[in-house]
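The values are calculated or read from the model by the stated rules, or taken from the named source; none is laboratory data. Keep in mind it's a predicted model, so treat the numbers as computed, not measured. No Cβ is skipped: glycine too gets one built from the backbone with ideal geometry, and neighbour counts run over all protein chains shown.
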Amino acid sequence: MLKQIHPINIDDTINSGQVFLWEKFGKTWYGVNGNDVLAASAEPLEIFSYSKKPYDLFRNNDDFEKIRKSITKDSVVKFAVDGFPGLRLLRQDPFQCYISFIVSANSSIQNIKKMLQQLCKKFGTKVKFNENYFYLFPDPKKLATAEKHELLSCGLGYRAKAVKKAAEAVVDREIDFDFLRKMKYHTAKEHLLKIFGIGNKVADCIMLFSLEKLDAFPLDRWMLRVLQKYYSDKFELDVKTLTEKRYENLHKEIVKYFGPYAGYSQQFLFKMERELNQKKWL
């Protein structure tokens, strides 16, 4: 049993667009996390793993009270935080997160989940955990050496090329997650943006959800909608021309406003807007 420093809502956290390979059986959530499977249940909060390794999946040791005070700059964020007080960022397996958000390009959460499930089924190892069967996430070498037709059979479409090249970059040590985790935001992002299939938004998701960059603020159509709707007086927004330079400058403006934990504010605002629009999650 984990001692919760601040109450964590597992349902809100998992259903917030951060992860895709999770399913709920009864009162327990099960999720593939790289070469492992995690089981998370509430009341009391417990996390067990297939490998028996311990995980701080919900960033339980983050000083959430400090973070909450830091990001609550206005009534909009306050409404989002008050509405989902148990929402947290997840600390994910970097390679799985990296591939997942490359796959996420121009797709719905349900389709992303299907594609990743097919990748796991075709290239991952099947294991039994708590009477349920799961396919672990493929390791980089498996995806790097996969044939194009094998990747296409997982429903990836044009994303197949990006998945293969991204996996090759990890195998060839062009991408080293331990190195990136230690780097500052801009240095880590420079490395990620060199990889075919990774743009600003995908890089920010990878950094926020798996590389400890809490100042990353992924900007997709939902977040641009939020900024236009609530912050048009604070940020210069021209969605039609969100160039690389404009994305970078907008990120600077956002971090200057929301502070060093801007990524937390992004997650609360993203969750709020999706729920207001009654969009489906997992």
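Considering each residue of the range 252-266, count those that are surrounded by 15 or more Cβ atoms within 10 Å (Cβ to Cβ), touching a Leu at 6+ places or on another chain (Cβ under 9 Å) and either in contact (Cβ under 8 Å) with a residue 40 or more places away in the chain or acidic (D, E) (or both), and give that number.
Residues flagged as surrounded by 15 or more Cβ atoms within 10 Å (Cβ to Cβ), touching a Leu at 6+ places or on another chain (Cβ under 9 Å) and either in contact (Cβ under 8 Å) with a residue 40 or more places away in the chain or acidic (D, E) (or both) within the range 252-266 amount to 5.
When you scan the range 64-84, how many residues do you find that are among the small types (G, A, S) and out of contact with any Ser or Thr (no Cβ under 9 Å at 6 or more places or on another chain)?
2
Residues of the range 79-112 being of a type in the set (S, T, N, Q) and either within 10 Å of the chain's Cα centre (by Cα) or surrounded by 20 or more Cβ atoms within 10 Å (Cβ to Cβ) (or both), which ones?
Just the residues of the range 79-112 that are of a type in the set (S, T, N, Q), to begin with: 92, 96, 100, 104, 106-108, 110-111.
Result: Q92, Q96, S100, S104.
When you go through K122, K128, K113 one by one, which is the residue that is part of a helix (DSSP H, G or I), closer than 18 Å to F25 by Cα and of a type outside the set (A, V, I, L, M)?
On the way: K122 fails: closer than 18 Å to F25 by Cα; K128 fails: part of a helix (DSSP H, G or I).
The match here is K113.
Has the range 30-51 got at least one residue that is in a loop (DSSP other than H, G, I, E, B), over 30 Å from F196 (Cα atoms) and at pLDDT 95 or above? Outline the logic, then answer.
First, pick out the residues of the range 30-51 that are in a loop (DSSP other than H, G, I, E, B): 33-36, 42-45, 50-51.
Applying the additional criterion that residues be over 30 Å from F196 (Cα atoms) yields 42-45, 50-51.
Now narrow it down to the ones that are at pLDDT 95 or above: 50-51.
For the range 30-51, residues in a loop (DSSP other than H, G, I, E, B), over 30 Å from F196 (Cα atoms) and at pLDDT 95 or above: present.
Out of all the residues in the range 49-77, which are within 19 Å of the chain's Cα centre (by Cα) and among the polar types (S, T, N, Q)?
N60, N61
Being among the acidic types (D, E), more than 20 Å from the chain's Cα centre (by Cα), in a helix (DSSP H, G or I) and farther than 22 Å from N33 by Cα: is that true of E253 here? Can you show your working first?
Values: among the acidic types (D, E): yes; more than 20 Å from the chain's Cα centre (by Cα): yes; in a helix (DSSP H, G or I): yes; farther than 22 Å from N33 by Cα: yes.
The answer is yes for E253.
Give the range 52-78 a look and list any residue that's assigned to a loop (DSSP other than H, G, I, E, B), crowded, with 17+ Cβ neighbours inside 10 Å and among the basic types (K, R), or say none.
R59
Could you list, in sequence order, the residues of the range 168-194 that are under 17 Å from the mean Cα position of the chain (by Cα) and surrounded by 15 or more Cβ atoms within 10 Å (Cβ to Cβ)?
Of everything in the range 168-194, those that are under 17 Å from the mean Cα position of the chain (by Cα) and surrounded by 15 or more Cβ atoms within 10 Å (Cβ to Cβ) turn out to be F177, L180, Y185, A188, K189, L192.
May I ask you to verify whether R246 is at pLDDT below 95, among the charged types (D, E, K, R) and surrounded by 15 or more Cβ atoms within 10 Å (Cβ to Cβ)? Spell out the reasoning first.
Working: at pLDDT below 95: yes; among the charged types (D, E, K, R): yes; surrounded by 15 or more Cβ atoms within 10 Å (Cβ to Cβ): yes.
Considered against the rule, which asks whether it is at pLDDT below 95, among the charged types (D, E, K, R) and surrounded by 15 or more Cβ atoms within 10 Å (Cβ to Cβ), R246 comes out as yes.
Of all the residues that make up the range 35-53, how many are under 13 Å from F134 (Cβ atoms) and of a type outside the set (F, W, Y)?
Within the range 35-53, residues that are under 13 Å from F134 (Cβ atoms) and of a type outside the set (F, W, Y) number 7.
Can you confirm whether the range 202-221 contains a residue that is among the charged types (D, E, K, R), modelled with pLDDT under 95 and within 28 Å of E273 (Cα to Cα)?
At the first step, the residues of the range 202-221 found to be among the charged types (D, E, K, R) are 204, 212-213, 215, 220-221.
Keeping just the survivors that are modelled with pLDDT under 95 gives 220-221.
Next, only the ones that are within 28 Å of E273 (Cα to Cα) stay: 220-221.
Scanning the range 202-221, I find at least one residue that is among the charged types (D, E, K, R), modelled with pLDDT under 95 and within 28 Å of E273 (Cα to Cα), so the answer is yes.
In the range 1-29, which residue that is in a strand (DSSP E or B) and not charged (D, E, K, R) is farthest from D82 (Cα to Cα)?
Going residue by residue through the range 1-29, those that are in a strand (DSSP E or B) are 22-25, 28-29.
Next, only the ones that are not charged (D, E, K, R) stay: 22, 25, 28-29.
Working: W22: 25, F25: 28, T28: 25, W29: 24 Å.
Across the range 1-29, the extreme among qualifying residues is F25.
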